[in-house]
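Here's the structure we're looking at; comments come further down.
The values are calculated or read from the model by the stated rules, or taken from the named source; none is laboratory data. What you are looking at is a predicted structure, and each value in this text was computed from that prediction instead of being measured. Note: ideal-geometry Cβ built from the backbone for every residue, glycine included; neighbour counts use all protein chains shown. Note: areas computed on protein heavy atoms with side chains; ligands, DNA, RNA excluded. Shrake-Rupley method; radii C 1.70, N 1.55, O 1.52, S 1.80 Å.
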Amino acid sequence: MLGAGAWGTAIALALSRRPGRQVLLWAREQGLAASMRARRENATFLPGVQLPPEVVPVEDFDAAMRASIVIAAPAVAGLRTTLERIACTGAMVPVIWLCKGFEQGTSRLPHQIAAETLPGHWPRGVLSGPSFAAEVAQGLPVALTLASADAGFAAATAQALHGGNIRVYSSSDIAGVEVGGAVKNVIALAAGISDGLGLGLNARAALITRGLAEMARLGEALGARAETFMGLTGMGDLILTATGDLSRNRTVGRRLADGQGLERILSELGHVAEGVHTARETRTLAERLGVDMPITRAVCQILFEGVLPRRAVSELLARDPRSE
């Protein structure tokens with residue numbers, strides 16, 4: 001596991017519960033691996049959860065690359081650098097990434113970043129789905145999707161990671177899986193704003209449903225299959241992130257509705273809220289591809305243009321009726 005943030009550590013814990021498996025947890029932060037070995041806890045990113053002997057924190061990147069499967073767990077902003085470092089080792093080990101979102105400035109999805117950084121024949125894919133790190137770390141059940149352009153690799157790797165309280169499905173629609181994982185964070189921001197304004201459960205349901213339609217429109221424009229958005233990485237991840245109290249993006253939305261400034265919110269959050277960066281890149285892609293995404297536009301107006309949340313909601317409600 002390359003990356004010892006909350007999510008990387010949680011997945012390392014979950015995978016270590018399969019009998020006979022050892023997980024090397026590589027930490028980029030100076031001193032973090034030594035601290036985890038001494039305390040048997042990731043006090044920085046996942047405090048209060050004991051690391052079992054099967055999770056071995058390491059500082060040696062090359063040693064981590066000698067595993068049978070390498071899972072990259074940086075945020076999207078760090079994925080390119082991580083994959084470039086992997087490529088430099090020349091170790092043709094299967095590489096899976098966990099991040100969700102678009103790369104800032106390029107609007108690239110993770111699999112597109114991988115295509116630019118790893119040789120074409122390098123086995124690779126994404127593990128995604130509705131999952132909060134805290135629950136996964138506790139050993140609670142979770143269902144995820146392993147997606148790769150190589151359907152055989154996706155099925156084999158899903159089988160390798162499946163077990164215990166992790167159920168892993170496979171998919172060859174890597175674009176659809178990644179678009180769902182990215183755009184759901186933007187809609188979760190909108191749902192948090194709606195809840196923060198006290199607009200009620202009806203409004204939240206409408207946002208989630210119409211947000212799913214936006215997600216699917218963008219995905220299909222990028223070559224994804226429509227049915228993917230009815231599954232775990234589309235509807236499933238969206239429902240969790242837009243309604244769960246553990247959702248960072250929903251929390252950001254609620255605090256925006258309370259009138260707090262974005263810079264302060266992100267500073268106090270202490271973790272990455274991918275939806276903020278993803279919103280801008282999603283809008284850019286939608287405009288480039290001619291895809292109508294009114295909820296995403298409204299979120300961007302609130303985040304980046306100083307539009308008050310209630311005004312943005314009023315403008316959404318004032319749109320002309322149309323067929324569903």
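Summary of computed values
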{"read-out": "log10 of Debye I(q)/I(0), alpha-carbon scatterers only, for the range 168-301 at 0.11, 0.15 Å⁻¹", "value": "-0.35, -0.65"}
{"read-out": "Structure-based [θ]222 nm, the chain - -39500 (n - 2.57) summed over DSSP H runs of at least 4, per residue, nearest 500", "value": "-15500 deg cm²/dmol"}
{"read-out": "For the range 228-324: span of alpha carbons on each principal axis (Å, largest first)", "value": "41, 32, 24"}
{"read-out": "Per residue, in Å², the accessible surface of the chain once ligands and nucleic acids are set aside, probe 1.4 Å", "value": "44 Å²"}
{"read-out": "Ratio of Rg to Rh over the range 85-138 (Cα coordinates, Kirkwood Rh, two decimals)", "value": "1.04"}
{"read-out": "Counting DSSP beta bridges with both ends in the range 115-211, the antiparallel % (nearest 5)", "value": "40 percent"}
{"read-out": "The range 28-103, relative contact order in percent, only Cα pairs under 8 angstrom and at least six apart counted", "value": "25 percent"}
{"read-out": "Using alpha-carbon coordinates, inclination of helix 151-161 to the longest axis of the chain, degrees", "value": "70 degrees"}
{"read-out": "Alpha-carbon Rg/Rh ratio, for the range 1-61, with Rh computed the Kirkwood way", "value": "0.91"}
{"read-out": "Cα-based equivalent ellipsoid, the range 34-162: semi-axes from gyration tensor eigenvalues, Å", "value": "25, 18, 16"}
{"read-out": "The range 211-312: relative contact order in percent, alpha carbon pairs under 8 Å with at least 6 residues between", "value": "23 percent"}
{"read-out": "Options (1) 24, 39, 23, 12, 2; (2) 33, 57, 10, 0; (3) 34, 61, 5 - which one matches P(r) over Cα pairs in 20 Å bins from 0, in percent as calculated here", "value": "(2)"}
{"read-out": "Residue-level accessible surface for ASP245, protein heavy atoms, 1.4 Å, Å²", "value": "130 Å²"}
{"read-out": "Positive-pole candidate from HIS162, HIS111, ALA137, dipole of the chain, charges at beta carbon", "value": "ALA137"}
{"read-out": "DSSP bridge orientation in the chain - percent antiparallel, rounded to nearest 5", "value": "25 percent"}
{"read-out": "Shape of the range 99-234, Cα gyration tensor, a/c cut at 1.5", "value": "oblate"}
{"read-out": "Packing-based order for 164-175, 52-63, using average beta carbon neighbours within 10 Å, highest first", "value": "164-175, 52-63"}
{"read-out": "Sequence-separation-based contact order of the chain, relative, with Cα cut under 8 Å and 6+ spacing, percent", "value": "14 percent"}
{"read-out": "Surface share of carbon and sulfur [accessible, 1.4 angstrom probe, percent] for the chain", "value": "51 percent"}
{"read-out": "For ARG280, solvent-accessible area (1.4 Å; no DNA, RNA or ligand), Å²", "value": "110 Å²"}
